[in-house]
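The values are calculated or read from the model by the stated rules, or taken from the named source; none is laboratory data. Computed from a predicted structure; not experimentally measured. A quick note on method: Cβ atoms are made from the backbone with ideal geometry, for glycine too, and the neighbour counts reach across all protein chains shown.
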Amino acid sequence: MRRQKSSHSKPFTPSQGGKQRGSRRRAETEGIVLFGIHAVEAALANPNRPVLRLQATENAAQRLKDLIAERRLSAEPVTPQDLDRLLGPDTVHQGVALEAGPLPPLTLDDVDPDGILLVLDQVTDPHNVGAALRSAAAFGASGLVLTERHSPPFSGVLAKSASGALDLVPIVLVKNLSQALNELGERGVMRIGLAEEAETALEDVPLTRPLALVLGAEGKGLRHLTREKCDHLCRIPTVSALASLNVSNAAAIAMHWAAMKAPSE
């Protein structure tokens with residue numbers, strides 16, 4: 001027996017990563033696909049997030065019913081198998097997919113000038129950026145700064161890993177990270193670069209706000225110009241050389257330490 005096809009006439013075309021980097025940011029201005037209960041819930045709760053189309057199983061629609069009603073939406077009914085075909089069989093979609101428009105672009109002027117910024121230097125793995133974004137939300141970061149190039153799309157895996165933080169933490173995309181760090185320095189922001197080989201431990205530096213914690217990609221670490229723009233290079237001590245931390249774990253530890261040692265007044 002031939003399997004019945006989904007009744008949807010216009011399927012989503014979700015982003016599968018960042019292979020076509022030249023057109024990726026342009027595609028993001030036209031729409032992104034979010035999936036997973038927390039990511040979709042946060043997007044629906046964010047009044048600045050344009051919502052284009054929602055597909056949900058009966059159970060997922062029930063969990064989101066209040067937000068769906070507030071948005072005056074009508075969720076298109078689907079089965080988990082429909083979403084498996086749409087997003088891929090290994091995607092943990094939790095019965096819901098949302099096609100949404102991009103958030104308004106932000107600049108450094110749009111974030112709390114006295115807060116703690118998390119800055120990622122060409123971190124391209126969406127799981128790591130999403131997890132770092134989740135930590136930024138958990139510890140009250142004023143924003144996340146990324147480079148326009150060499151950063152993952154704000155969709156799919158990143159949004160799922162961020163568990164809703166994509167719509168909670170202000171994100172600033174900059175063309176030139178070195179210039180952005182220069183600008184932060186001129187504003188009196190303490191810039192702390194995290195590097196495994198640094199001589200100074202993070203806990204040995206008195207932290208003050210405003211503060212920027214700068215982390216590089218795994219393997220490459222911070223680029224040379226990025227290092228030059230930091231006021232201090234610090235390491236997070238571990239018990240052995242084999243206990244190195246990936247960037248999302250390092251971001252969580254650094255954010256936690258900064259929140260304790262440089263509390264807001």
Handout entry: Contacts under 9 angstrom Cβ, first residue in the stretch 135-162 being under 13 Å from S248 (Cα atoms) and in the same structural domain as H256 (by TED's automatic domain parsing), partner in a strand (DSSP E or B) and among the small types (G, A, S), 6 or more apart
Key = A136/G143
Practice task
Tell me, yes or no, whether the stretch 160-177 has at least one residue that is within 16 Å of V111 (Cβ to Cβ), among the acidic types (D, E) and modelled with pLDDT of 95 or more.
Solution key: yes
Practice task
Kindly indicate whether A201 is at pLDDT 95 or above and buried (at least 18 other Cβ atoms within 10 Å of the Cβ).
Solution key: no
Exercise for the section: Please state which one of A250, A180, A212, A195 is in the same structural domain as V119 (by TED's automatic domain parsing), among the aliphatic types (A, V, I, L, M), more than 24 Å from D114 (Cβ to Cβ) and surrounded by 15 or more Cβ atoms within 10 Å (Cβ to Cβ). Expected result: A195
Exercise for the section: Only residues in the stretch 200-229 that are in contact (Cβ under 8 Å) with a residue 12 or more places away in the chain count as the first member; pair them with residues that are buried (at least 16 other Cβ atoms within 10 Å of the Cβ) and aromatic (F, W, Y), Cβ under 7 angstrom, at least 6 apart or cross-chain, and list the lot. Expected result: L202/W257; E203/W257
Fill in the blank from the handout: Within the stretch 235-264, the residues that are farther than 16 Å from V189 by Cα and not in a helix (DSSP H, G or I) are R235, I236, P237, T238, V239, S240, S244, L245, N246
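I'm checking my understanding of the structure. Among residues of the stretch 38-56 that are hydrophobic (A, V, I, L, M, F, W, C) and out of contact with any Lys or Arg (no Cβ under 7 Å at 6 or more places or on another chain), which one is surrounded by the fewest Cβ atoms within 10 Å (Cβ to Cβ)?
In this case the residue turns out to be L52.
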Practice task
Determine whether D121 is out of contact with any Gly (no Cβ under 9 Å at 6 or more places or on another chain) and among the acidic types (D, E).
Solution key: no
